[in-house]
Structures are given as C-alpha cells and as structure tokens.
Amino acid sequence: MKVGFGCDHAAVELKDQLLAYLAEKGYECVDYGAAAGEKVDYPVKGQAVAEAICRGEIDKGVLLCGTGIGISLAANKVPGIRAAVCSEPYSARMAAEHNNANIIAMGARVVGSELAKTILDAFFGAEFLGGRHADRVALITKIEEKYSKS
Ligand code: RB5
C-alpha cells in the first residue's frame, strides 16, 4: 500500500517519525511535506494529499497539524475524501471499518508519538466492512454530489 504524508509546520517532527514507522513496516511512503523549518498553512497540505488520493498516486493518507482538525477539514472538501481525526485507536479502527476513511488525521499537540503509532496500527490494520456501512458511506457521497452540481 502507498501512503502519503502531509503536515503543517506544527507537526513536522511527528510526520517524520510516523513516516519512518510505516516505512519500516513495509509501506511505501510518499512525503508531501512540510519540511523542517518550512512554514506551511494546513489547507495546502490537506489538499495536496487528498488530491493525490483522487489521482490514484497514493492509496491512503496521514495528515497532521496541531490538532488534526484544520488539515482534515481541508482534505474533506475534496470529493471522495473521508478524513477522520482520531486521538485513540478505537476510533481509528472504526474509521476504517465503518466509514471507509481514506485519510487518518491526528494532532501533534494532542497525541504523543507512541500513541500516534498505535492509532496508525489500528487504522492500517483494519478493513472496510462494507454491507450496511457501504450504504451509509454512499449517503455521504450523495451529499457531495448534491453540492458539486453548482
Ligand atoms: C497552527 O498553529 C495550527 O492552527 C494548526 O496546526 C492546526 O492545529 C489547525 O487546525
């Protein structure tokens, strides 16, 4: 699986740690930045990783900012993206199993690196369960379609 990483200036250190963690586990990781010392607004990186998923360049994304909130809000504006902010592993597993999330977002000022790793393990270790959950995800897509028409 190919995983894209994006972050703003608040989360560069955590991004580097988590990228190394997943790379060590055999995931192909793509770094969309930010780099150390670079000041980048979170919507820029949320959009970059979300669009990379839509282009098929990567399969899933990991987005990090101070809280995980801003960068996930930005990513979720891209049709087809379901970015879930998680601060513990249970929600991360549910985001994959029930919501078919294609991006996990976390806050570098919220979770420590060891907790963040367990959140990644839960997210990437789980699979979408389909069935009734697919029907609900389809309803989310319908909302997107309604507002993409204008
Ligand atoms: C940047 O200071 C901070 O606002 C950002 O990283 C993030 O927490 C926004 O949601």
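Each reported figure results from applying straightforward, stated rules to the coordinates on display, with no laboratory input. All of these numbers come straight from a predicted model, not from anything done at the bench. Don't worry about glycine lacking a Cβ; one is built from the backbone with ideal geometry, like all the others, and counts go over all protein chains shown.
Just a few scattered comments:
- The long axis of helix 12-24 is offset from the longest Cα principal axis of the chain by roughly 80 degrees.
- Those trypsin sites (Lys or Arg not before Pro) in segment 89-150 that DSSP places in a loop and that have at most 15 other beta carbons within 10 Å: Arg109, Lys149
- Reducing segment 26-61 and segment 110-131 to their Cα centroids gives an inter-centroid distance of 18 Å.
- Altogether, the Stokes-Einstein calculation at 20 °C and 1.002 mPa s, with the Kirkwood radius of the chain over Cα pairs as Rh, returns a diffusion coefficient of 142 µm²/s.
- Angle in degrees between helix 42-54 and the longest Cα principal axis of the chain, rounded to the nearest 10: 60
- Evaluated on segment 61-131, the Kirkwood hydrodynamic radius is 11.7 Å, with distances taken between all distinct Cα atoms.
- Restricting segment 7-47 to trypsin sites (Lys or Arg not before Pro) in coil, as DSSP defines it, with at most 13 other Cβ within 10 Å: Lys25, Lys39
- Listed by chain and number, the lysines placed with their C-alpha closer than 24 angstrom to that of Lys77 are Lys2, Lys15, Lys39, Lys45, Lys60, Lys142, Lys146, Lys149; residues fewer than eight positions away on the same chain are left out.
- Highest-first packing order for the peptide set 82-92, 121-131 is 82-92, 121-131, based on the mean count of other beta carbon atoms within 10 Å.
- For the pair Arg136 and Lys39, a Förster radius of 30 Å applied to the C-beta separation gives a FRET efficiency near 0.20, rounded to the nearest 0.05.
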